[in-house]
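The values are calculated or read from the model by the stated rules, or taken from the named source; none is laboratory data. Please read these numbers as outputs of a predicted model, since none were measured by experiment. Backbone-built Cβ (ideal geometry, glycine too); neighbour counts: all protein chains shown. Side chains are part of the model used for accessible areas, which takes the heavy atoms of the whole protein and leaves out ligands, DNA and RNA. Shrake-Rupley method; radii C 1.70, N 1.55, O 1.52, S 1.80 Å.
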Amino acid sequence: DLRGFTAMSEKLSPNEVMAELNAYHGAMIDVIEQHGGAIDKFIGDGTLVVFGLAGAAEEGAAAAVACARAMLDALATHNEDRARAEASPLAMGIGVHTGPVIAGNLGVPGRRLEFTVIGDAVNTVSRLEGQTKGSGSPVIVSAETAALLPSTDNLRELAPVSLRGKAQSMRVFGLA
């Protein structure tokens, strides 16, 4: 999810907003695909990406964390292009979480259907992404995901977070 994009959008025409979003998403799509991510949907200035559909949870977790790091690098490159065009830099927040989901068509047959993933893991990752705003880390990785990684040397533990709708606080990590 982009940081401050709503405020930035107030100063742009709808065509400019669409161009900005398409350029940003374009910078991220290759990185996501290179890491085996499946884009579930674009949510305005955010993207829901699923990993581990065809392999072990450990592979999906490692790919998701590697993708998050690569997305930050891709954003830095995108911001260099923006600077040359005298546009302000963009910042983003990324949440990474592992858990079960169900994929299927949501909606009303014959009226409107959207293929998507649903489950507590989707809600949790959305809440984790929101926590990046005040955490000092652009990426927050849940303890569930961190436990599946071959090493946590590239992570640093952050203060536990309380997520809306969750009874217990969660252990989380940022990128080192």
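Numbers below:
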{"read-out": "Extension gain from residue 10 to residue 102, taking 0.36 nm per residue of separation minus the Cα-Cα distance", "value": "29.5 nm"}
{"read-out": "Rounded, prolate or oblate (a/c below 1.5 giving rounded, otherwise prolate when a/b exceeds b/c) for the range 102-176 by Cα gyration tensor", "value": "prolate"}
{"read-out": "Tensor-based shape of the range 64-154 (alpha-carbon gyration tensor, a/c under 1.5 rounded, otherwise prolate or oblate)", "value": "oblate"}
{"read-out": "HN-Hα J in Hz across the range 76-92 - Karplus 6.51, -1.76, 1.60, θ = phi - 60°, x for Gly and Pro", "value": "4, 5, 4, 5, 4, 4, 5, 4, 4, 8, 6, 9, 5, x, 9, 10, 9"}
{"read-out": "Surface share of carbon and sulfur [accessible, 1.4 angstrom probe, percent] for the range 1-138", "value": "55 percent"}
{"read-out": "Neighbour net charge for residue 145 - beta-carbon separation under 11 angstrom, K R +1, D E -1", "value": "-1"}
{"read-out": "Long-range amide H partners of residue 152 with built H, under 5 Å", "value": "none"}
{"read-out": "Positive-pole candidate from 46, 158, 169, dipole of the chain, charges at beta carbon", "value": "169"}
{"read-out": "Global geometry of the range 45-107, whether rounded, prolate or oblate, following the gyration tensor of its Cα atoms and the 1.5 cut on a/c", "value": "prolate"}
{"read-out": "Lys, Arg +1 and Asp, Glu -1 on Cβ, resulting dipole of the chain about Cα centre, debye, nearest 20", "value": "560 debye"}
{"read-out": "Relative contact order of the range 54-131, pairs being alpha-carbon contacts under 8 Å that are 6 or more residues apart, as %", "value": "26 percent"}
{"read-out": "For the chain: accessible area per residue (Å², 1.4 Å)", "value": "57 Å²"}
